[in-house]
Amino acid sequence: MAEFSKGLEGIIAAQTQMSFINGQEGILEYVGIPIGELATNSTFEETVFLLWNKRLPKASELDTFNKQLRERYALPAGLQNRLASLPTNAQPMHVLRTMVSALAMHDSDPNSLEIDDVRLKALNILGHAPSIVACFDRHRRGLNFIDPDPSLSFSENFLYMLNGEKPTKAMARAFEICMITHADHGLNNSTFAARVVISTLSDIYSAITAAIGSLRGPLHGGANEGVMHMLNEIKSVEEVESHVLGKLERKEKIMGFGHRVYKAKDPRASELQTLAKQLAEDTGNSALYEKSSKIEEVMEREVASKGIYPNVDFYSATTYHCIGLALDLFTPMFALSRIAGWSGHVIEQLEDNRLFRPAADYIGPHEQPYVAIDKR
Ligand code: ACO
């Protein structure tokens with residue numbers, strides 16, 4: 001039998017043509033294109049096309065893709081009614097997970113595993129998910145839903161539906177860079193969850209629902225909210241040093257640092273750091289950026305020798321705050337983008353499927369007597 005690897009560390013459990021990661025050197029490429037190139041030059045829609053088709057689109061192909069996605073911004077009426085009936089204190093990640101699951105009930109053929117159908121279902125989830133988050137956020141604030149605007153990009157439309165006014169070009173682009181940098185990342189926990197579910201030949205809605213459930217954990221996508229809580233707890237740059245050292249002494253994790261694969265700075269963190277710095281200056285949040293930067297400095301001194309560096313969640317917290325998003329929308333933002341990667345992996349899994357069924361090493365006792373209940 002194969003050796004036990006706690007947390008499946010180092011186990012190769014799937015093949016992919018989407019993300020390449022070199023954790024030692026801090027390199028991430030989507031289909032061979034460095035993440036920095038895409039963050040600088042691409043759009044989110046083009047990046048999704050790249051991930052799903054393993055090549056950049058021609059202009060006409062991108063137009064068609066945009067059109068298909070924009071047709072799916074509007075939610076089915078039944079789903080809007082459900083959203084309007086949710087408790088206003090529900091957590092957005094629970095709402096997103098539940099409503100993506102509910103989308104299956106608005107699909108006349110939810111279980112189809114024909115690849116062309118699955119691609120359309122993936123577009124469906126990607127197009128609807130921002131509307132789910134925006135409508136729920138407005139519902140809990142007691143505001144009317146805003147109809148989507150199909151003349152807007154994915155990023156612009158989400159911010160428009162959330163805030164009721166069109167975002168500035170700079171804000172929409174900042175948000176889009178977040179979407180590009182979070183779109184895919186190898187066999188991370190939530191992607192693995194999606195692939196495990198689809199490997200039973202279940203359906204894409206179930207797979208993405210499972211992935212959303214995985215993503216919200218604080219050791220995964222939930223870390224971006226943890227970072228913001230920490231930044232809020234630290235009242236000034238002067239407090240950073242003692243706060244971080246205190247946590248390290250108590251063996252507490254510093255959210256937004258460390259990674260199973262990266263033993264160097266996550267290249268997405270570098271992209272988002274540049275963005276966070278600029279946005280913080282533009283929005284009067286420089287103190288927040290300075291606290292973040294000081295945390296990184298202390299962590300570099302204390303734990304970089306163990307290969308612990310900022311991950312994608314660290315500077316995304318400052319970025320999302322400067323974009324004006326509520327703290328509990330940070331992880332849903334990660335999910336909106338990662339639907340691209342999850343869906344791409346669902347398709348890859350279906351194209352060459354084998355049921356995931358690892359083994360467990362039984363370490364309990366054997367040959368025990370059965371003791372009657374009144375004798376225990
Ligand atoms: N702060 C302090 N110490 C850390 C951190 C951290 N953020 N991350 C790892 N370490 C330490 C551990 O305490 C451990 O030290 P030890 O060997 O002295 O006991 C060592 O580094 C190895 O840590 P593990 O937790 O065993 O590493 P693993 O690969 O299992 O975990 C993980 C990776 C979960 C990301 C971890 O680094 C962590 O908990 N980070 C904080 C949460 C976070 O930011 N998650 C987002 C990750 S990116 C993403 O999912 C999108």
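The values are calculated or read from the model by the stated rules, or taken from the named source; none is laboratory data. Keep in mind that what you see is a predicted model, and the values were worked out from it rather than measured. In this analysis, Cβ positions are derived from the backbone assuming ideal geometry, glycine residues included, and neighbour counts consider all displayed protein chains. To get the accessible areas, we keep the full protein, side chains included, count just its heavy atoms, and leave off ligands, DNA and RNA. Shrake-Rupley method; radii C 1.70, N 1.55, O 1.52, S 1.80 Å.
What the table below lists for this structure:
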read-out: FRET E, pair L86, E25, Förster distance 41 Å, beta-carbon r, rounded to 0.05; value: 0.35
read-out: Contour excess over end-to-end distance, with Cα ends at A326 and E3 and 0.36 nm allotted per residue; value: 111.9 nm
read-out: Solvent-accessible area per residue, Å², over the stretch 4-141 with all protein chains present [probe radius 1.4 Å]; value: 49
read-out: Largest-first ellipsoid semi-axes for the chain, taking √(5λ) over the Cα gyration tensor eigenvalues, angstrom; value: 31, 30, 22
read-out: Fully extended contour minus Cα-Cα distance, from E61 to T274, at 0.36 nm per residue; value: 73.5 nm
read-out: Whole-number percent relative contact order across the chain, with pairs defined as alpha carbons under 8 Å at least 6 apart; value: 23
read-out: The stretch 202-219 versus the stretch 284-319: alpha-carbon centroid distance in Å; value: 28
read-out: Proximal charge balance of K121 [Cβ under 12 Å; K/R count +1, D/E count -1]; value: -4
read-out: The chain - share of DSSP beta bridges that are antiparallel (%, nearest 5); value: 90
read-out: Spatial separation of Cα centroids for the stretch 1-65 and the stretch 238-276, in angstrom; value: 24
read-out: Positive-end residue of Y73, N232, L38, charge dipole of the chain with Cβ unit charges; value: N232
read-out: Where labels lie 7 Å past Cα in the beta-carbon direction, separation of E252 and A77 in nm; value: 5.1
read-out: Pairwise FRET efficiency - H106 versus D282, Cβ, R0 = 51 Å, nearest 0.05; value: 0.80
read-out: Solvent-accessible area per residue for the stretch 223-323 (1.4 angstrom probe, square angstrom); value: 45
read-out: For the chain, built as a Gaussian network whose Cα springs stay under 10 Å, the top-fluctuating residue of D109, D328, D137; value: D109
read-out: Most mobile listed residue (S112, S131, S305) in the chain, GNM with C-alpha springs under 10 Å; value: S305
read-out: Accessible area of the chain belonging to carbon and sulfur atoms, whole % at 1.4 Å probe; value: 51
read-out: Surrounding net charge for S112, when Lys and Arg each add one and Asp and Glu each subtract one, Cβ distance under 13 Å; value: -4
